[in-house]
Each structure stands twice: as structure tokens, then as C-alpha cells.
Amino acid sequence: MLRATAGWAGPVQMSDEAGRSSRARGFFRTHPGNGAFAGPALVDLLAGQVQVMFASMSASIEYVRASKLRALAVTTATRSDALPGIPSMGEFVAGYEASNWFGVGAPKATPAEIVEKLNKEINAGLAEPKMKARLADLGGDVLTLSPADFGKLIAEDTEKWRRVIRAANIKAE
């Protein structure tokens, strides 16, 4: 079976690596996409040049809704509100979770009052009904975290992906 990828060493490859058993590794041949974006790999999937791909929700959700792609699972810990009929990978692979997130950072020496103000204003913007609705339409979930909780999320995910990278024997080139 030919598997597409949007590129190497990004969140989509890490999602793939997190779920692949040693037995499955020999089952797939890889067809790398052209660059670090899902577009070329999705085109190959839609055209039938490849049979399977880990794609981000935002890149693939409209194709799934239009029945041009068949979603097999979402990589979040639980089913997505955007596609509630699609199971999570965790329903098949115990403990699997490979969600992506985006955040805003500042230089380490930024005064705490500035960090707090930025956090408050960004969280307020994310709480706006139009923003929440648009992100939900793209399959996103809004996390309005404190700076401390965001730092904890970064540390936990860094360790999780470090283990995946080591288990998959991925090396920097």
C-alpha cells in the first residue's frame, strides 16, 4: 500500500510514527509529498496515486464532508465534534493521541505583566463566538490556557514526541 506524507519531521509525520507498529512499517511504502505542506500529497490521495495519508483536519475536512475522502480516524484523544461519526485512533490503538496545537510565545525576558496582558487578550479573542465557530468548522478546539499551563503543555508534548522520535530512530540530517 502506498502512503503519502506532507513532508518529513513535521507534526503529520509524527502522528504517523506514533501509530505505526513495527508490523505495519513493512506494509506501507512511502510516497513523499512535494514540500512541507499537505497540498501535493492530498492531490495524490484524491487522484488515487496513494491509498492512505495522515492529514491535518484543517487540510482534509472539506474533502471528507464532500465525500471525496474517507476519514478512517481522527488522531485526537477523543472523537472530534466536527466529525463525530469518525472514531479516534485511541479506539484502535490504546493510548494513541497526536493532536496539533498552535500557540503564541514571547521572549523569555518579557515582563510577567506583559505576558499576562497578552494571554488575557488572546484568550478573549479566542473566546469570541465567530472565532470559536470558525475554528470549530475547521475541526479545531480552542484551548484558553494560562501561561503556566501552556508551558506545561509544551513540556509534556516535547517529552511525548522525544519518545516517538527515539522509538522510530529518526535522525537529524
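Fully extending the segment from Val93 to Glu62 would add 8.6 nm, taking 0.36 nm per residue of separation and subtracting the current Cα-Cα distance. Candidates Trp101, Val164, Tyr63 compared by Cα position along the dipole of segment 25-173: farthest toward the positive end lies Val164, with charges placed on Cβ. Multiplying the residue separation of Ile170 and Asp137 by 0.36 nm and subtracting their alpha-carbon distance yields 8.5 nm. Distant-in-sequence amide contacts of Ser88, defined by a placed amide H-H separation under 5 Å and a gap of 5 or more residues or a different chain, comprise Val74, Arg79.
Were the residues from Thr158 through Asn100 laid out at 0.36 nm apart, the gain over their Cα-Cα distance would be 19.7 nm. With a threshold of 30 Å on the Cα-Cα distance, the over-threshold entries among Lys117/Lys152; Lys120/Lys160; Lys132/Lys171; Lys108/Lys130; Lys132/Lys160 are Lys132/Lys171; Lys108/Lys130.
Measuring between their Cα centroids, segment 63-110 and segment 117-173 lie 12 Å from each other. Here Ile122 and Arg79 are evaluated by their C-beta separation; at R0 = 30 Å the FRET efficiency comes out at 0.65. Each listed q (0.16, 0.17, 0.19, 0.22 Å⁻¹) maps to a log10 I(q)/I(0) for segment 28-173 from the Debye sum over equal C-alpha point scatterers, namely -1.12, -1.21, -1.35, -1.44.
Read-outs: derived from the displayed coordinates by stated rules, not from any lab. Just so we're clear, the structure is a prediction, and the values are computed from it rather than from any experiment. Counting neighbours? That spans all protein chains shown, and the Cβs are built from the backbone with ideal geometry, glycine included.
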